[in-house]
Amino acid sequence: MGSQEIVPLVVVISISVFIMAVLLIIIIYNVYRQRVISQKILLDAVYNAQENERTRIAEDLHDDIGARLSALKLRIDAIREDSKDPGSVQLAEESITVLDGVVGDLRNIIRNQASKYLINNGFVYELDRFQKQLSVRNKTELSISVSPNPTGLDTPFGVNVFRIIQELVNNSIKHASCLHINISLNQIPGELTLNYNDDGIGFEISNESNKAMRLANIDARVRLYAGQYTLITSPGKGTSYTIVFKNQSIKPTD
């Protein structure tokens, strides 16, 4: 075989190898992309199931325990009205006060669990209610600011953002021993940014138990809508999150 015949053969082989490599890369990418899509579909299904279960529990609490508490209050109130013993009247009044507090707590639990309230009443309204509820029950001062007239939040996407905020606040109150929490939601066309920081004790990110306990659910919820986040924290330095969703839509990304 002459040198003139070898050169075209080498070119053909090189082109063939290149085409095979490109095809292999495309196949690997498609397999990876399909796996990512499947994971997101599964994750969306899990969170939808969670929301449905939250709603079911909330409705059960309202229909069963709520009704029983209301009946109990009526009976105690009847005892107060009929009793001529001052001690019994005072005890009944104190019991009604305690019962009113329990009923109020139950209502808050129901509203926090059921996403239908957020979608029906609006994200901003429920976030404001959440802030007021925490200010009454905790020593931690919670400050929240939201861009005027935000859009796209009275949806499952907004429910997801609300759950992220709940998770962050609960983590701060439970683990950070903080006095102040600041939250801001800033929206510009095609982008929503959630800034969150507390003045608590912070934590070591490299600690796997801390990472699993505080970040796993937040990370999953952020990725569900193709968001990105940065976390800044260290022992004694507080905790700060910046979470960005671009081109958010009602449905999770695929």
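What to note about this one:
- In the range 145-193, the residues that are surrounded by fewer than 16 Cβ atoms within 10 Å (Cβ to Cβ), out of contact with any helix residue (DSSP H, G or I) (no Cβ under 9 Å at 6 or more places or on another chain) and assigned to a helix (DSSP H, G or I): Asn170, Lys174
- Long-range neighbours under 7 Å by Cβ, at least six apart or interchain, first residue closer than 19 Å to Ser145 by Cα and in the same structural domain as Ile164 (by TED's automatic domain parsing) within the range 174-191, second assigned to a strand (DSSP E or B) and of a type in the set (Val, Ile, Thr): Ile183/Ile144; Leu185/Val146; Asn186/Thr193; Glu191/Val244
- Flag for Leu142 being surrounded by 13 or more Cβ atoms within 10 Å (Cβ to Cβ), modelled with pLDDT of 80 or more and part of a strand (DSSP E or B): yes
- Flag: Glu94 does not match the condition of being at pLDDT 75 or above, acidic (Asp, Glu), surrounded by fewer than 18 Cβ atoms within 10 Å (Cβ to Cβ) and within 30 Å of Asn182 (Cβ to Cβ).
- Residue in the range 110-120 that is surrounded by 13 or more Cβ atoms within 10 Å (Cβ to Cβ), in a helix (DSSP H, G or I) and at pLDDT 85 or above present: no
- Of the set (1) buried (at least 20 other Cβ atoms within 10 Å of the Cβ); (2) at pLDDT below 85; (3) outside the structural domain of Lys246 (by TED's automatic domain parsing), all apply to Arg214 but (3).
- Criterion (on the phi > 0 side of the Ramachandran plot and modelled with pLDDT of 90 or more) met by exactly one of Gly190, Gly200, Gly238: Gly238
- Those residues of the range 122-139 which are surrounded by 16 or more Cβ atoms within 10 Å (Cβ to Cβ) and modelled with pLDDT under 85, in sequence order: Gln133, Leu134
- Checking the range 68-82 against the condition returns a match, with at least one residue being within 28 Å of Gln131 (Cα to Cα), among the hydroxyl-bearing types (Ser, Thr, Tyr) and at pLDDT 75 or above.
- Single unsatisfied condition, Thr55 versus (1) surrounded by fewer than 12 Cβ atoms within 10 Å (Cβ to Cβ); (2) among the hydroxyl-bearing types (Ser, Thr, Tyr); (3) at pLDDT below 75: (1)
The values are calculated or read from the model by the stated rules, or taken from the named source; none is laboratory data. All of these numbers come straight from a predicted model, not from anything done at the bench. So basically every Cβ, Gly included, is an ideal-geometry build from the backbone, and we count neighbours across all protein chains shown.
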